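The structure appears below as structure tokens.
The values are calculated or read from the model by the stated rules, or taken from the named source; none is laboratory data. Fair warning: this is a prediction, and the values are worked out from it, not measured in the lab. Every residue, glycine as well, gets a Cβ built from its backbone with ideal geometry; the counts of neighbours run over all protein chains shown. With ligands, DNA and RNA removed, areas are computed over all heavy atoms of the protein, side chains included. Shrake-Rupley method; radii C 1.70, N 1.55, O 1.52, S 1.80 Å.
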Amino acid sequence: MKIAARISLIKPSPTLTIQAKANALKAAGRDIIGFGAGEPDFDTPHNIKMAAVRAIEAGFTKYTPVGGIDELKDAVIAKLQRDNRLTYKRSEVVISCGAKHSLFNIGQVLFEEGDEVLIPSPYWVSYTDIVYLTGARPVIIKTNTADDFKLQPSQLEAAITPRTRAIIISYPSNPAGVSYSLKELEALAEVIVRKGIMVISDDIYEKIIYDGRPFYTLASLGDELKRLSIVVNGVSKTYSMTGWRIGYCAGAEEIIAAITKYQSQNTSNPTSIAQKAAVEALNGPQESVEMMRKEFQKRRDVITETLNAIPDVTCLKPQGAFYVFPNVAAYYGRSFGGKTITNSAEMANYLLDESNVALVPGADFGHDDHIRISYATSMEQIEKGLERIRAALLRLR
Ligand code: PMP
Ligand code: GLU
């Protein structure tokens, strides 16, 4: 069977592939610790689930407007005003089937062959493939550990060419947990405005941020930046609603209209019931968000300290999200059972085969010296899994 050439440009999502592999091994009876996919381990809060139950019982189970119901658009508009001091109209917001879908739609309506899209690394695994599927070229800007994996204004400026359309930026970041101060963002904003490139700001980890650090989305840094920005967010991470598939974006009316037209020819509306649940998530009580954030912060403290206590492993302390991205390259070139480990994929395989720990190779995020551990799992699993990783690394000779 002939498959269209564009499909050979992309790979299956590495995070979802590892999650599926870990689940299959668990189902086969292996005692696997899942540090793979980034999915909060908490249940979706009860009030949100009940809103969905009410929607079903009320028969709210039919097509809705393609770009989402007004009630949800209004909840998103109120959220952006409340949290980000950004003012949008309904015609500047579109609801989609997850933030991944929002990002995919944005790529489809904005980019084409000949365009370049800047992506600071380490990056989330799907950004590059979302860009490849548009015919445009992702241009990776490799950030340095010495800069705490933060994009420097000089790096941004050096990467911009006449073909550059946009930058995709996300903080707190997946996989390194890096966030930016207002001053750091202002320095990046100066370059962005001067060069007039667009900003796709993936704010999905906005609420999972630690040590009292404030969050600013780039669009809130002035009218010019707002004009250049598309703000992307969703309910998956903040409200532990990964399976409900609701994300959204806000930006210029023209772009939102194009996305809505595009969506009308692929998914149609996001699920009606999930939209009602998302209204409750955004408008209802927010205590569960803080409860989850606090728990993630506790885990972050334990995991960073434990990893840094393993000989020759170094790990930045994340400022948000629920991942750590330790450097394990000191163990490359060492062997076990006649097999030498030379890269992050082999390290991830070794840790899965020898110690039943599932995690994602750093190469999938653009940094082969690292591995990504998702700590969206219980403290007990974290402690057990880290001990297994430590023992497995120390077995290498
Ligand atoms: N952006 C980032 C950085 C992510 O880690 C994820 C993970 N799911 C997403 C977007 C997509 O989230 P969703 O589609 O579940 O809203
Ligand atoms: N974003 C999460 C992760 O990076 C969930 C899986 C995915 O969509 O990539 O693990």
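For the reader, a short list of remarks on this structure follows.
- Cβ pairs under 7 Å, 6+ apart, first in the stretch 372-396 and in a helix (DSSP H, G or I), second among the acidic types (Asp, Glu): ALA392/GLU354
- Residues of the stretch 265-288 satisfying the condition of being part of a loop (DSSP other than H, G, I, E, B) and either polar (S, T, N, Q) or modelled with pLDDT under 95 (or both): GLN265, ASN266, THR267, SER268, ASN269, THR271, GLN286
- Residues of the stretch 152-175 satisfying the condition of being charged (D, E, K, R) and crowded, with 17+ Cβ neighbours inside 10 Å: ARG165
- Single residue of VAL193, VAL178, VAL199, VAL231 found to be open to solvent by 50 Å² or more (accessible area, probe 1.4 Å) and either farther than 26 Å from MET292 by Cα or within 16 Å of ligand 1 (Cβ to nearest atom) (or both): VAL193
- In summary, PHE296 fulfils each of the numbered conditions (1) open to solvent by 20 Å² or more (accessible area, probe 1.4 Å); (2) assigned to a helix (DSSP H, G or I) with the single exception of condition (1).
- Single unsatisfied condition, THR161 versus (1) closer than 28 Å to ASN266 by Cβ; (2) of a type outside the set (Asp, Glu); (3) more than 16 Å from ligand 1 (Cβ to nearest atom); (4) out of contact with any Phe, Trp or Tyr (no Cβ under 9 Å at 6 or more places or on another chain): (1)
- Per-region count, the stretch 208-239, residues over 17 Å from SER102 (Cβ atoms) and within 16 Å of ligand 2 (Cβ to nearest atom): 1
- Reported count of residues in the stretch 211-227, each being without any contact (Cβ under 8 Å) to a residue 60 or more places away in the chain and buried (at least 23 other Cβ atoms within 10 Å of the Cβ), is 1.
- Those residues of the stretch 31-72 which are part of a loop (DSSP other than H, G, I, E, B) and in contact with a strand residue (DSSP E or B) (Cβ under 7 Å, 6 or more places away or on another chain), in sequence order: ILE32, PHE35, GLY36, ALA37, GLY38, GLY67, GLY68
- Of all the numbered requirements in (1) within 16 Å of ligand 2 (Cβ to nearest atom); (2) hydroxyl-bearing (Ser, Thr, Tyr); (3) open to solvent by less than 10 Å² (accessible area, probe 1.4 Å), THR242 misses one, and that requirement is (3).
- Checked against the criteria, ARG82 does not count as more than 16 Å from ligand 2 (Cβ to nearest atom) and outside any helix (DSSP H, G or I).
- Reported count of residues in the stretch 306-365, each being of a type in the set (S, T, N, Q) and in a loop (DSSP other than H, G, I, E, B), is 4.
- Taking the stretch 83-102 as the range and being away from ligand 1 (no atom under 15 Å from the Cβ) and either within 22 Å of the chain's Cα centre (by Cα) or closer than 20 Å to THR242 by Cβ (or both) as the test, the residues that pass are ASP83, ASN84, LEU86, VAL93.
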